[in-house]
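Let me begin by presenting the structure, written as structure tokens, before commenting on it.
The values are calculated or read from the model by the stated rules, or taken from the named source; none is laboratory data. This is a predicted model, so every value here is computed, not measured. Just so you know, the surface numbers come from the protein's heavy atoms only, side chains and all, with ligands and any DNA or RNA stripped out. Shrake-Rupley method; radii C 1.70, N 1.55, O 1.52, S 1.80 Å.
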Amino acid sequence: RVKRTKVLRDQDSFKRNLNLYVISEDNEGNLITSSDVLKNNIKTFLQDYKMINDTIDILDAKVVNVAIDFVAIIDPGQDKFEALSIAINTIKENMLAEKFDIGQPIYITKVYDLLNNLDEIVDVVDVDITLKFTGNYSDYSLSLAEYLSADGRILHAPQDVIYEIKYPNLDIKGTIR
């Protein structure tokens, strides 16, 4: 079934062409490419609701799998393993609850805020977003450095890309000092 959609005007078209980007999800909630049958059904449905001069291209959104790595300093009186577990679970709960949209950026400062608001964490030294694209991850990759804001606070997304943390138990890691 369709999980997310985004409609953009095709800037390269001389006519009123619209690009409809779609992405579906599998039974486990992971993002997958929409089937041709599903895209044809969407196109048939939209025929009754579009303007006569409009053309609609239904395209696949590209999935980019990412991981989050952080380094934090804990209060000396805290247990390292418990603090690390709490920090990872906090990020997991918040990032999974958010569910990214097509073209939505990742706010790295949000990860800093989540960790800094924990009683166990004194300071966050670093947060890195890395690309995952081998094995069971999406085949699509892009240069994350190209889409990182100048101050390193926001990882922007191209208009046809959706970010996904596919395996949160593996893709969210931390180091405690």
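Things worth noting here:
- Estimated purely from DSSP H runs of n ≥ 4, each contributing -39500 (n - 2.57), the mean residue ellipticity at 222 nm for the chain is -7500 deg cm²/dmol once divided by its residues.
- The figure for Arg16 is an accessible area of roughly 130 square angstrom, using a 1.4 Å probe on the protein chains alone.
- Largest to smallest in accessible area, the residues Thr109, Thr90 fall in the order Thr109, Thr90 (1.4 Å probe, all protein chains included).
- Largest accessible area first, the residues Met51, Met95 order themselves as Met51, Met95 under a 1.4 Å probe with ligands, DNA and RNA left out.
- Relative contact order %, the chain, counting alpha carbon pairs below 8 Å whose residues are six or more apart: 29 percent
- For the set Lys15/Lys110; Lys15/Lys132; Lys110/Lys132; Lys62/Lys92; Lys80/Lys110, the pairs lying more than 32 angstrom apart at their alpha carbons are Lys15/Lys110; Lys15/Lys132.
- Using θ = phi - 60° and Karplus 6.51 cos²θ - 1.76 cosθ + 1.60, couplings along segment 154-166 (whole Hz; Gly, Pro as x): 10, 9, 5, 10, x, 4, 10, 10, 10, 7, 8, 9, 5
- Compactness of segment 59-177 was expressed as the Cα radius of gyration divided by 2.2 N^0.38 Å, which yields 1.08.
- DSSP-defined antiparallel bridges as percent of all bridges, the chain, nearest 5: 60 percent
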